[in-house]
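Here's the structure, in structure tokens; my notes come after.
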Amino acid sequence: MTDRGSGPRLNRRALLKLGLLAGGGLVLGIDAADATEGPDAAVATGFAPGAWLRLHTDGRIVLMLARSEMGQGVTSTLPMLVAEELEVGLDQLDLEPAPVASDYVNRLLGEQATGCSTSVREAWAPLREAGAVARTLLVRAAAARWGVAAEDCRARRGAVHHPDGETRLDYAALAEAAARLPLPERVTLKPPAQWQLIGTPQHRLDTPDKVVGAARYGLDVRLPGMLYASVARCPLRGARVSAWRADAARALPGVVAVLAVRHGIAVVARDTWSLLRGRAALEVDCDPVADPAADQARMEARLRSRLDARGAALAESRGDALGELARAEQVLEADYSLPFLAHVCMEPMNCTAEVSAERCVIHVPTQAQQRALATARRITGLAPERIEVRTTLLGGGFGRRVEQDFVADAVELAQRLGQPVQVVWTRADDFAHDHYRPLTCHRLRATLGEDGLPRAWYHRIVGPSVLARLAPEAVSDGLDPALVEGATALPYALPARRIEYRRADLPVSVGLWRGGARAHNVYVVESFLDELAATAGRDPLALRLALLEDRPRARAVLERVAALAGWSQPLAPGHGRGIALATGYGSLVAQVVEVAPRAEGGGLRVARVWCVVDCGLAVDPDGVRAQMEGGIAFGLSAALGERISFAAGRVEQRRLADYRLLRFDEMPEVEVELVEAAATPGGVGDLGPLPLAPALAAAIAAAGGERQRALPLRLA
Amino acid sequence: MDAMISLTLNGEPMRLDLDPDMPLLWALRDHLGLTGTRYGCGEGECGACTVHLDGQPVHSCTLPLRAAAGRSVTTIEGLSPDGRHPLQLAWIVEEVPQCGYCQSGQLMSAAALLAAHPQPTPEQIDAAMSGVLCRCGSYARIRRAIQRAANPEVHND
Ligand code: FES
Ligand code: FES
């Protein structure tokens, strides 16, 4: 296990920075942004920006956590990667949320942010290498002190052990000497057979605090002199607040101020209760919009009208799909549609800010630290080094916490009031001013060959652009790559295919939502495959397998989930089964859903779900299972009940009772199995929900229900 | 200003000089430093704010302080003296929490259930737990953890 100097040359050597901590100790950085960093050994002082790992002379070992914990488990999986190579126990690592620095950029996302199932994949190589480099240096420092060969020493649980088997030196005593050594040219990563943490279920480090109420989310930030604030925004899309009456609000005890801010009218109070009463007493008028465009029927009609309009951006093309479709005697065609959805994080949006002439500190549950800093910079005009973003735990993210509206509220108010301010969004604010999962329409067309397999395949996606607002540089020639994920690069052998996107923006802000458009497109593609199988009179599993001859991993998850679910066994009368496959993030998942007649009252219920996931190497297998179980609940919630709609320019859903989320008694029995068919990890956070909706739609049709082509699905 | 409210909080008698109309949730979170009880909706629809009032689960977001006067309130911080309530231990073994935000409400609801029905039937578990939303979908694990806590002899690892 020791460094033999024969391993692969460190491909990130130029990106590693070694330094001496002020006060002694070792600091190791990984520069994600700039490979032409200066000298390796530089004395880092104080704050040590860019540090990933610090070994203090008092024995503390600190890992900077550069990703946000929103339930997906990065507070355990990322430490596992470092601890494995550093030869320390998870209990020996302290975590600190990373500030904003170029070194913490998520290279898969191109910014310091958490999402799109990237965290473990992105950290897999650099965090293990950082641990290995630190361990190598510590072993060398010990060997030098003892006058023995480094190869003969062993590192274990935070200490280097002498070849005599008795003497040992703790890392704390070696950190300073190690920091003065040159960076190793090569390090050897542990072979999988020697892993003690990676691949073994671990108890999550954040769980103990979460079961005693000690976990700290954004809403739990308490600062001396902190005021509470909330902004009433105009509920009418495309309109602004035109008049407001605040006398009643101001007269309430505990209300400190009511003032106009950039995005609406802010109520400021001494506690949240006074704040909520103030919000209720505040009257806000909006400019009447004579003809509100945010109307459900109009928006849906607008998208539908683009299904056959001329002109669309080409996302993928192979063979002559259009020609084959034009020549075919029989073309199968189906249109699908998906509604707007809200994120509904259980922790409402919030941010706490402190702003002075010299400094701005933001305490925020965010998925996008770099954007939060940019927001504060734009509002305060302060230089970036004077702005600090402190990431709290997130009570859910799902893409909503990439947004900056709540950060902007807090920074603006803290600056105006000269006091720390916690901005709290109410649940109604959260529904009314979300950046929703987009409404989309889809047209699918296909021909079947004599073998009953699809030959020509056409898919047009119509919907508003998500990235035009969030990452405009990514949209070119009318193509928003985020809208076609899961429709292109399908695993299936489709000899002639054409995938198009027709942009149709709507007067409603749309954003990232768990799984992104992959969640739309997997539903559509898998549902259409199920329809093709029915038309061709083929078993939907057999049809998929026939299209996946060159895809052993995809075949394996499908075959395994079918075996688990007893796919070949006959079903009881009135029951139905559906199957679906999803790929993405370097992973694959297949699910079978079984529906059964309800005991009373007619209609169907979701009886069971089987899930087989291949995420390559599962760093924490129990964490992967948890993501699948939770993902199935999340997918089922969206497939069965969730829908945001607009009438006369306003969101119709005002409270949780208006937006049907899955509840405990609706959770089906779930069986999850992992297959590990690759040596590196794939992402899982967005994966679990993907096959649920199409598998459920297929199960309903198989049970004799009608073929439904719009979400949410009806079980009755 | 207002009359003092006397109540017992996590076993300690106390007198609060707060607006008797203030929901218990905000007294706990903003005035007493007990932030373990969560705000999810403020309208009695998510269960994140569940506490015990004389042992019964209630939504603290809709319970005015005056309704707690003279009674005993238990929050997640007071569920056990050392964080070792059988449910808390089962929650750790089963790795229930994801983001964790709903879990105080889940645990308080489950604790009230087990206090009333030490060996709950699946239907009793459904009835007790369906009022607490979990957006992360930890429901399957919640069920397993409740069954584990209710049957320690079956799960002795
Ligand atoms: S916060 Fe009380 S039920 Fe939602
Ligand atoms: S664990 Fe996230 S809401 Fe329940």
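I'd like the antiparallel share, as a percent to the nearest 5, of DSSP beta bridges with both residues in segment A:275-400.
In segment A:275-400, DSSP labels about 45 percent of beta bridges as antiparallel.
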Divide by every residue of chain A the summed helix terms, -39500 (n - 2.57) for each DSSP H run of at least 4, and state the resulting mean residue ellipticity at 222 nm, rounded to the nearest 500 deg cm²/dmol.
-8500 deg cm²/dmol
Using the Karplus curve 6.51 cos²θ - 1.76 cosθ + 1.60 with θ = phi - 60°, work out ³J(HN,Hα) for each residue of segment B:48-63 in order, rounded to whole Hz, and write x for Gly and Pro.
4, 9, 5, 10, 9, 10, 6, x, 9, x, 9, 7, 6, 6, 10, 9
Nearest-10 value in Å² for the accessible area of A:Asp164, using the 1.4 Å probe:
80 Å²
For a quick check: with amide H placed at 1.01 Å from N, whose amide H comes under 5 Å from A:Thr366's, ignoring anything fewer than 5 positions away on the same chain?
A:Thr392
Determine the equivalent ellipsoid of segment B:5-78 by diagonalising the alpha-carbon gyration tensor, then write out the semi-axes as square roots of 5 times the eigenvalues, largest first, rounded to whole Å.
17, 13, 11
What is the distance in Å between the Cα centroid of segment A:536-588 and that of segment A:244-261?
60 Å
At 1.4 Å probe size, with the rest of the protein present, what percent of the exposed accessible area of segment A:396-519 is carbon and sulfur atoms?
50 percent
Under-5 Å amide H pairs with A:Arg605, H placed in peptide plane, nonlocal only:
A:Ala596, A:Arg598
With a 1.4 Å probe, what is the total accessible area buried between chains B and A, in Å² rounded to the nearest 100?
4600 Å²
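Using a probe radius of 1.4 Å on heavy atoms only, what accessible surface per residue do you get for the protein assembly as shown? Whole Å² is fine.
37 Å²
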Nearest 500 deg cm²/dmol is fine: what mean residue ellipticity at 222 nm does chain B get from its DSSP H runs of n ≥ 4 alone, each adding -39,500 (n - 2.57), divided by its residue count?
-8500 deg cm²/dmol
Counting only residues 5 or more places away or on other chains, whose amide H sits under 5 Å from the amide H of A:Ala456 once H atoms are built in the peptide plane?
A:Thr447
In segment A:563-637, what GluC sites (Glu not before Pro) fall in a loop by DSSP, with at most 14 other Cβ atoms inside 10 Å?
A:Glu600
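Express the Stokes-Einstein translational diffusion coefficient of segment A:480-528 in µm² s⁻¹, to the nearest whole number, given a Kirkwood radius over alpha-carbon pairs, 10 °C and a viscosity of 1.306 mPa s. If you can, show how the numbers build up before the last one.
Details: Rh = 12.1 Å.
Diffusion coefficient, whole number: 131 µm²/s.
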So if R0 is 60 Å, what FRET efficiency would A:Glu333 and A:Ala243 give, r being the distance between their Cβ atoms, rounded to the nearest 0.05?
0.75
Would you mind classifying the protein assembly as shown by shape? Square roots of the alpha carbon gyration tensor eigenvalues, ordered a ≥ b ≥ c; an a/c under 1.5 is rounded, otherwise it is prolate if a/b is larger than b/c and oblate if not.
rounded
For segment A:615-716: rounded, prolate or oblate by the Cα gyration tensor [a/c cutoff 1.5]
prolate
Farthest positive-ward along segment A:256-314 dipole, Cα basis, beta-carbon charges - from A:Ala280, A:Leu314, A:Ala297
A:Leu314
If you average the C-alpha positions of segment A:454-492 and of segment B:84-157 separately, how far apart do those two centres end up, in angstrom?
42 Å
According to the square roots a ≥ b ≥ c of the eigenvalues of the Cα gyration tensor, what is the shape class of segment A:513-565, taking rounded for a/c under 1.5, prolate for a/b larger than b/c otherwise, and oblate for the remainder?
oblate
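Enumerate by residue number the trypsin sites (Lys or Arg not before Pro) in segment A:229-310 meeting two conditions: DSSP loop (anything except H, G, I, E, B), and at most 14 other Cβ atoms within 10 Å of the site's Cβ.
Details: sites: A:Arg233, A:Arg237, A:Arg240, A:Arg245, A:Arg250, A:Arg262, A:Arg270, A:Arg277, A:Arg279, A:Arg298, A:Arg302, A:Arg304, A:Arg306, A:Arg310; in loops: A:Arg233, A:Arg237, A:Arg240, A:Arg262, A:Arg270, A:Arg306, A:Arg310.
Loop-located and lightly packed - A:Arg240, A:Arg262, A:Arg310.
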In order through segment A:382-387: 3J(HN,Hα) via Karplus (6.51 cos²θ - 1.76 cosθ + 1.60), integer Hz, x for Gly, Pro:
6, 5, x, 6, 9, 10
What is the antiparallel percent of DSSP beta bridges lying wholly in the protein assembly as shown, to the nearest 5?
75 percent
HN-Hα J couplings of segment B:6-23 from phi, Karplus 6.51/-1.76/1.60, θ = phi - 60°, integer Hz, Gly and Pro as x?
9, 7, 9, 10, 6, x, 10, x, 8, 10, 10, 9, 9, 4, x, 7, 5, x
With a Förster radius of 45 Å, plug the Cβ-Cβ distance of A:Asp665 and B:Asp82 into 1/(1 + (r/R0)^6) and report the FRET value to the nearest 0.05.
0.90
Given Cβ charges of +1 for Lys and Arg and -1 for Asp and Glu, the option among A:Ala239, A:Ala353, A:Ser337 whose Cα lies farthest towards the positive end of the dipole of segment A:210-364 is A:Ala353
Among residues of segment B:113-138, a drop of 10 Å² or more in 1.4 Å probe accessible area, assembly relative to the chain on its own, occurs for B:Asp126, B:Met129, B:Ser130, B:Leu133, B:Arg135, B:Cys136, B:Gly137
With r defined as the distance between the Cβ atoms of A:Arg157 and A:Arg469 and R0 fixed at 56 Å, what FRET efficiency is calculated, to the nearest 0.05?
0.70
Any cysteines in chain A with zero other Cys Cβ atoms under 4.7 Å from their Cβ? List them, or say none.
A:Cys116, A:Cys153, A:Cys345, A:Cys351, A:Cys360, A:Cys441, A:Cys611, A:Cys615
Cleavage-rule hits, trypsin sites (Lys or Arg not before Pro), segment A:103-132, DSSP coil, Cβ neighbours within 10 Å at most 10
none
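By DSSP, what percent of the beta bridges with both residues in segment A:12-204 are antiparallel, rounded to the nearest 5?
70 percent
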Along its three principal axes, how long is segment B:86-150 when you only count alpha carbons? Whole Å, largest extent first please.
28, 23, 17
Taking accessible area as the heavy-atom solvent-accessible surface of the protein chains with a 1.4 Å probe, which residues of segment B:36-70 lose no less than 20 Å² upon going from the isolated chain to the full protein assembly?
B:Arg38, B:Tyr39, B:Gly40, B:Cys41, B:Glu43, B:Glu45
At q = 0.15, 0.18 Å⁻¹, the log10 of I(q)/I(0) for segment B:4-157 from a Debye sum over equal Cα scatterers comes to -0.74, -1.03
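The values are calculated or read from the model by the stated rules, or taken from the named source; none is laboratory data. All values reported here derive from a predicted model rather than from experimental measurement. FYI the Cβ positions are ideal-geometry reconstructions off the backbone, even for glycines, and counts take in every protein chain you see. Protein only, heavy atoms only, side chains kept; ligands, DNA and RNA dropped before computing areas. Shrake-Rupley method; radii C 1.70, N 1.55, O 1.52, S 1.80 Å.
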